[in-house]
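Engineer: Quick one: the structure is below, questions incoming.
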Amino acid sequence: MRILVLGGARSGKSAWAERLLAGDRGVDYVATARPFPGADGFDADFGARIAEHRLRRPASWRTVDDVDAVTALRRPSPGNHVLLDDVGTWLTGVIDREGLWDSPRGSVHPWCDELVGAVREWPARDVGDAGAADAAGDADDAHLVVVTPEVGMGVIPEHRSGRLFRDEIGLLNGRLAEVCDRVVLVVAGCPVAVKGPGINY
């Protein structure tokens, strides 16, 4: 099952997504955040957020942070759940890497197409060995949980880069919602079902 989890800043969306996958099955945690330099040489606040997420994750989870999220989704560990956290930092990373902040709107869409396609096609069945059938069966019970920010409910950003991000993440979230089986909005730590089955507290 593919589950999209949306929420604002500090809404509890990541923690709720992590609790959703708590259990005895393995989890591939696809971490999209990367430390980046700030005015003082390193953005300490962002680094602290990354550290907070690392501390919260069970030691048994496999962290995937050395490849792009699209590649990670196409090469999951057989039978594992997958948690991608989050789409916002992935999108920012793509725009940074490709130098698209001053480009026309829509310039990032080819990369967004790849991410949406990887989510739609998940789980990948390209195992290619004698255990392919067993791996495919395990994948039927696995979940893909995609965490993403909801930023379109506040004021209009003052700067062009903020408006660009708001518009592009909004469009991408809508496309991801179309290909996911469930969509959950987390508000003040409380999950609200948007698409698919309701929430059992």
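Engineer: Net charge around Y29, counting only other residues with Cβ within less than 10 Å of its Cβ (Lys, Arg = +1; Asp, Glu = -1)?
Structural biologist: Details: positive: R54, R57, R62; negative: E18, D28, D65, D85.
Result for the local shell: -1.
Engineer: Ordered by packing density, taken as the mean number of other Cβ atoms within 10 Å over each peptide's residues, highest first, how do 109-120, 141-152 rank?
Structural biologist: Working: 109-120: 16.9, 141-152: 20.8.
For the peptides 109-120, 141-152, the packing ranking is 141-152, 109-120.
Engineer: Give me M1, M153 ranked fewest to most by other Cβ atoms within 10 Å of their Cβ, as a rough exposure proxy. Provide the component values of the computation, followed by the final result.
Structural biologist: Working: M1 15, M153 6.
Ordered by Cβ neighbours within 10 Å, fewest first: M153, M1.
Read-outs: derived from the displayed coordinates by stated rules, not from any lab. Everything numeric here is computed off the predicted structure, so don't read it as measured data. So basically every Cβ, Gly included, is an ideal-geometry build from the backbone, and we count neighbours across all protein chains shown.
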